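Structure first, then comments.
The values are calculated or read from the model by the stated rules, or taken from the named source; none is laboratory data. Bear in mind the structure is a predicted one, so any value in this text is a computation, not a measurement. Backbone-built Cβ (ideal geometry, glycine too); neighbour counts: all protein chains shown. Quick note on the areas: whole protein, heavy atoms, side chains included, nothing else; ligands and nucleic acids left out. Shrake-Rupley method; radii C 1.70, N 1.55, O 1.52, S 1.80 Å.
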Amino acid sequence: MDRGQILELVAHYLVIVAIVTVVLGVVQAAVGDLGFWIELGVVVVIVALYRPVVKAIGMEPSAWNRGE
């Protein structure tokens, strides 16, 4: 893995963190405190959906295509 691929992946991880932060902030503002386990579930769903959505729109990093 070269430096360019690592930087691509870091950018995607930062985007995931930003999305999780924003979604949890919006949910907490709208509903209030959900509790740890429900918030963890929201995080897991966001992380699980991120890769297929990014691949569907054609923005995946080149490191994800190595096995294909």
What's the magnitude of the charge dipole for the chain around its Cα centre, counting Lys and Arg as +1 and Asp and Glu as -1 at the beta-carbon? Answer in Debye, nearest 20. 120 debye
Read-out mean projected area of the Cα convex hull in nm², candidates (i) 4.5; (ii) 6.9; (iii) 5.4; calculated match is (iii)
Report the calculated FRET efficiency for Ala18 and Trp64 (r = Cβ-Cβ distance, R0 = 22 Å), to the nearest 0.05. 0.70
Note to self: with every protein chain in place and a 1.4 Å probe, the chain gives an accessible area per residue in Å² of 72 Å²
Selected from Val17, Val31, Val54 as most flexible by GNM, with the chain as the system and alpha-carbon contacts under 10 Å: Val31
